[in-house]
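The next block holds one structure in the form of structure tokens; read it before the comments.
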Amino acid sequence: MKSLARLASLVCGQVSNSSQSCKFKPGKFGRSSTGPSLNYSRSDLHSIYHYTSGYWLCNDKEHREARSATFNVPAFCQLAAEAVGANAVTDMVKINESLNRVFLLRFDTGREAIARFPTSLAGPPHFATASEVATIDFLRRRLAFPIPRVLAWSSRVDSTDVGAEFMLMEKASGSLLGDAWGDISRRERGKFARTLGQYERQLLQLDFTHYGSLYYKRDVPARLRAPTLLEGLPPDDELNSMFCIGPIARRDFWEAERMTMDIDRGPWRTAEDYMTAVARREQEWISRFGTAHILDDPNRVLPGQGTRDDHIDWLSTYTTLVPILVPPHREQKRPVMWHPDLHAGNIFVTHSKAKRKITPTVPLTVSSIIDWQGTCVGPAFLQLKVPPTYRTDDVPPGVRLPALPKNMDTLSMSEKEEVEDEHKRRILHKSYEVSAFPLSILNMKAREERVHLEDIAQVTWKYGLTPCRIFQDGNVPCIRALGDIVPGTMCPVQYSEEEREDLEAQHA
């Protein structure tokens, strides 16, 4: 599926400008005794509201419109200044824009904060913002997790004069891991893989009772709340009175027409119910709306795209497999919260105070982890994933470190260097896994195949049917891996020799 996504990006991709940030001059968004200043230009507003980092080779207008975010600038600046105890916003710098419009704010007191406004691509109105704010508060309270504090927020467009959903947060302390990664030695990267894994492992202390997303109770109707929150939590505990598990706020459950569809978004009591809901959601969407989407381009033709009926039939097959794909052991399928996008741009680390930079002599320490948008509670065997910074392919399961191939002596110098480099990346991947994952997940057989099937069940129409049925080695997954998933059981889905050959030809 990665190769198909990469193809879509190349053919229908984005061309970026050289700089993404956009700075507005000090004082333009100040607040005086006579009220907020309004002396900013129309071009300033265009940069604030609209995407300016590049353009798309196709469907440019649609992509830009989907990434716009408008709001009352003076009202927000006044609210932000009051939230931090300042008189005025002196600088407003756009630092990121895609799913969200993100600004660095500076105040007349010298303090800084981060403002974020979701676009229509960020997730469901109200639920995405409300869930992220509650998740941050919950993790700070329960685990003292290093997440910047939310200073002000609104998940209802009409609840403030700002006229939009927003979050105002403390600026994360430390330095972005992504900015320093190239200067960090491989040995230090290995140490930090274990450090980061230990941080995420703390999330496993939270023994949730249902699958879905976390909210303040006041933000979710009673009929959409799970009756319990954590296993063994006393009914009179403060957390029980404040928080609940409600509908999942993950984007794929709300994308495009799904936003208005009456579908099952949880909360769910079992992993089987969650996985079945994914397939039935896609079946209903495909049957009603399976037409061109934002990634479509007349020059892009995917092999094995299939008809609506083909996709609906395959998703029916997937639901047949769900009881087999869900592992029998509770520790492998229990409801678990995990960061959904822990890349190097969402991790902040402390730096050497002496040299004001990260050096190999100073062990890296996590200072902040940001961007919890779309966080949900899901089955452990599907949720627990290695962050992109350390993730690589062909890493064997279990706790043993990957070994070099036995034929190293027969390789050329350049081949040895390539193999050794990949081997080192697999060691880093495994170091994170061993630090973060419990043994029940590390030793789980055919976990990759189960995760792959659940992933592609969410996007069959977008990427075609071929990846649903086949892996890169040309084998039908439910047949190849069934012996590891349910030993001795015949797969309920069978393909003829002719069908296998056809699938392999499409994937070649």
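The values are calculated or read from the model by the stated rules, or taken from the named source; none is laboratory data. Note that the structure is a prediction, hence the values are computed from the model and not measured. All Cβ positions, glycine included, derive from the backbone under ideal geometry; neighbour counts span all protein chains shown. These area figures cover heavy atoms from the full protein model, side chains too; ligands, DNA and RNA do not enter into them. Shrake-Rupley method; radii C 1.70, N 1.55, O 1.52, S 1.80 Å.
Looking across F117, F138, F103, F127, one residue alone is open to solvent by 20 Å² or more (accessible area, probe 1.4 Å) and under 22 Å from the mean Cα position of the chain (by Cα). It is F127. The single condition among (1) touching a residue at least 24 places away in the same chain (Cβ under 8 Å); (2) under 30 Å from T365 (Cα atoms) that G182 does not satisfy is (1).
Regarding the range 386-393, can at least one residue be identified that is more than 18 Å from G190 (Cα to Cα), out of contact with any Gly (no Cβ under 6 Å at 6 or more places or on another chain) and not in a helix (DSSP H, G or I)? No, that holds for no residue. Against the test of being farther than 30 Å from C58 by Cα, over 20 Å from the mean Cα position of the chain (by Cα) and without any contact (Cβ under 8 Å) to a residue 24 or more places away in the chain, the options D273, D237 yield a single qualifying residue, D237. Looking only at residues of the range 290-302 that are of a type in the set (A, V, I, L, M, F, W, C) and open to solvent by 50 Å² or more (accessible area, probe 1.4 Å), we find that the one that is modelled with the lowest pLDDT is I294. Looking only at residues in the range 360-385 that are modelled with pLDDT of 90 or more, among the β-branched types (V, I, T) and part of a loop (DSSP other than H, G, I, E, B), the one that is most open to solvent (accessible area, probe 1.4 Å) is I370. Listed by position, the helices (runs of 4 or more DSSP H) inside the range 396-508 whose residues that are of a type in the set (D, E, K, R), modelled with pLDDT of 90 or more and open to solvent by less than 20 Å² (accessible area, probe 1.4 Å) number at least 1 are 413-436, 447-457. Here A122, A152 are screened, and the one residue that is over 20 Å from Y51 (Cα atoms), in contact (Cβ under 8 Å) with a residue 60 or more places away in the chain and among the hydrophobic types (A, V, I, L, M, F, W, C) is A152.
Pairs are defined by a Cβ separation below 6 Å, a sequence spacing of at least 6 or placement on different chains, a first member in the range 220-232 that is under 16 Å from D264 (Cα atoms), and a second member that is assigned to a loop (DSSP other than H, G, I, E, B) and modelled with pLDDT of 95 or more; the pairs so defined are L224/P247; A226/H210; A226/P267. For the range 50-92, taking the residues that are part of a strand (DSSP E or B) and out of contact with any Ser or Thr (no Cβ under 6 Å at 6 or more places or on another chain), the one that is surrounded by the fewest Cβ atoms within 10 Å (Cβ to Cβ) is identified as Y55.
Would you mind stating whether W181 is surrounded by fewer than 17 Cβ atoms within 10 Å (Cβ to Cβ), farther than 15 Å from P335 by Cβ, out of contact with any Asp or Glu (no Cβ under 6 Å at 6 or more places or on another chain) and of a type in the set (F, W, Y)? Answer is yes for this residue.
When R187, R280 are checked against the criterion of being out of contact with any helix residue (DSSP H, G or I) (no Cβ under 6 Å at 6 or more places or on another chain), at pLDDT 95 or above and open to solvent by 30 Å² or more (accessible area, probe 1.4 Å), a single residue qualifies: R280. Quick one: would you say A122 is in a strand (DSSP E or B), open to solvent by less than 40 Å² (accessible area, probe 1.4 Å) and touching a helix residue (DSSP H, G or I) at 6+ places or on another chain (Cβ under 8 Å)? So A122 does not fit the description; no.
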